[in-house]
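Working notes for the structure below.
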Amino acid sequence: MLDKVMPPETAERGEAEDQADAAEREAAPRASLVRQFWPHRLTSRIVLLNLLGLIVLVAGILYFNQFRQGLIDARVQSLTTQAQIIAAAVAGSATVDTGSIVIDPDSLADTTDEIMPDSEQMSSLDFPIDPEAAGPVLKRLLANTTVRARIIDKDGNLVVDSRFLYSRGDIVQSDLPPPNGEHEKLNPRALWNRFVTWTFSYDYPKQIEYGIDNGKDFPEVAAALKGAKVSLVRLNDRGQIIVVVAVPIQRFRAVLGSLVLSTTGGEIDDVLRAERQVVLMTFGFVALVTILLSILLASTIALPLRKLAAAADRVRRGINKRVEIPDFSARGDEIGDLSGAVRDMTNALYNRIAAIEAFAADVSHELKNPLTSLRSAVETLAYAKTPEQRERLVEIVNHDVKRLDRLITDISDASRLDAELARGEAQAFDLSQLLESITSFANDTRKEGQAEVEFEIAKPPPGMDRARAYTVMGHDSRLGQVVRNLIDNARSFTRPGSRLNVRVRRVGPDVEFRVDDFGPGIPPDNLQRVFERFYTDRPEGSFGSNSGLGLSISQQIVDAHKGRIWAENRYGKPDEAGERQVLGARFTVRIPAAPHA
């Protein structure tokens, strides 16, 4: 048994098709999942989409808001100014005493009033910072503030920490951890804080607590001991923002140490939290208004659509009664346009159904007449005794067969006319040339005794040539059928040896042609009935030679070209009694001219 070996191209193509099928199978569950969670009702979709836009807007405001950075910058500037004042106060209140600096907290002298020593004196002096003297200065300057101050000497040793400066009678307050960790997790405020911390997490470094003698290990302290001013933003153990400012303590250009000021954890976060709460409260109010307005908007859209859908479903299920479609055309919007279109479509559908029923009844009636006559002639043929009787019956049979063939042909043409006009593509053509060709062919093929057709072209309007004046958009074969039907109809009423007149002219935006005969005319009551199916009012001796569908088919073709056709009588001059003689009938057709014309 040999294995079947495929060419490389076939194998690669099969592998690519397998990969495509696998990708489609993987995408199908995702698509079904989206359809499962995507709301099916229009109201829900409108509310959801409006809320999504509002959520994106609020999230952008909260995430990209510059208020936090502005608040930090303002706090940095405030702390820097405060640190410079405190550093100057600490340095300015120092006096030289036996080679050391003694800080008098009750005397903060201005350095500008002192006499600057020379460089030799500066080099021989040492400026150690006395914590006993510096502590009261910090306590006085930082009274009623939440700022923490630390003084670090030039060797990196922590000299003073304002957190541990207490006076007699001071109350020490510190935050204790919650007694129950599970309660803290279930606390709504704690959950909200955790959500905010997770959502708006900061990328600032964590603040490490200063040691007793490792001050130089911190970059801000090292920079301040070199005479620079440094500001940093860090996070404490709880993830709260603190601002740290380090400035040098110097006198006579000699750096005595470093002053580090830092804000209390939560000070900036509380302001940011309050600002976010305002934004979220505003969001909640706007979301409520958005939901109400969305529901109101959806009700003006979805409710009429549901009514239209329900009415359309009743039309689909309705059999014996006519369903009325709701009318929203007074709205003046797209829903009103849809309502009008659905109403027109439904009315056209009912009219078409009624026309089909009437057409079927008329066809049945018209086919029964020749069939009844044919059956009678065939049944009587067996009882004919003379050749003349049999010849007469055979002539009746032939006449009825021809009549049936004519009826079936015209019925078939009328039944497929709408479909052909809908599928065919309209083209521009010169209607005057079509009329000229048809009238010339009618004269060339006319039988003895038939009326001759005269063709006349009116002068085109000023500024137009013949081709532009008489060009229309449509189906030349079907409009030619209208002309032939009108000519055949006029010939059937015109006396032998007389003539017909076909004339074309331009009337405003339309191209008009008319066919005049010299027959007995049309009774005034029948000017509209002549376009009904199977209606005939022929002279004696012409029964059965026409199906009665020619004018009906002509009207159907003209209507499909957005034109109109009508019949009227032509009258001569009044006689002595004031009566006007009928000269014949006239059929007029107007078709809109092509747009470029």
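The values are calculated or read from the model by the stated rules, or taken from the named source; none is laboratory data. Remember, predicted model here, so these are calculated numbers, not experimental data. In this analysis, Cβ positions are derived from the backbone assuming ideal geometry, glycine residues included, and neighbour counts consider all displayed protein chains. Just so you know, the surface numbers come from the protein's heavy atoms only, side chains and all, with ligands and any DNA or RNA stripped out. Shrake-Rupley method; radii C 1.70, N 1.55, O 1.52, S 1.80 Å.
A few remarks follow.
- Extension gain from ASN569 to VAL401, taking 0.36 nm per residue of separation minus the Cα-Cα distance: 57.0 nm
- Surface share of carbon and sulfur [accessible, 1.4 angstrom probe, percent] for region 429-490: 46
- Pairwise label distance in nanometres, LEU338 with ARG446, each label 7 Å out on the Cα-Cβ vector: 5.9
- To the nearest 10, the accessible area of VAL507 is 40 Å² with a 1.4 Å probe.
- For the pair THR300 and PHE252 in one chain, pulling the backbone fully straight at 0.36 nm per residue adds 9.2 nm over the alpha carbon distance.
- Whole-percent carbon and sulfur share, accessible surface of region 316-372, 1.4 Å: 56
- With a simple spin-label model that places each label point 7 Å from the Cα along the Cα-to-Cβ direction, the separation between THR264 and SER477 comes to 9.7 nm.
- Spacing of the two label points (7 Å from each Cα toward its C-beta) at GLN528 and GLU456, in nm: 3.0
- Full extension of the chain between SER437 and THR386 yields a length gain of 13.4 nm, computed as 0.36 nm times the residue separation minus the alpha carbon distance.
- Cβ-derived FRET efficiency at R0 45 Å, ALA360 paired with ARG45, nearest 0.05: 0.45
- With the highest mean first, a sort of the peptides 552-558, 343-349, 566-572, 218-224 on other beta-carbon atoms found within 10 angstrom per residue produces 552-558, 218-224, 566-572, 343-349.
- Per-peptide average of other Cβ atoms within 10 Å, ordering 310-316, 299-305 highest first: 299-305, 310-316
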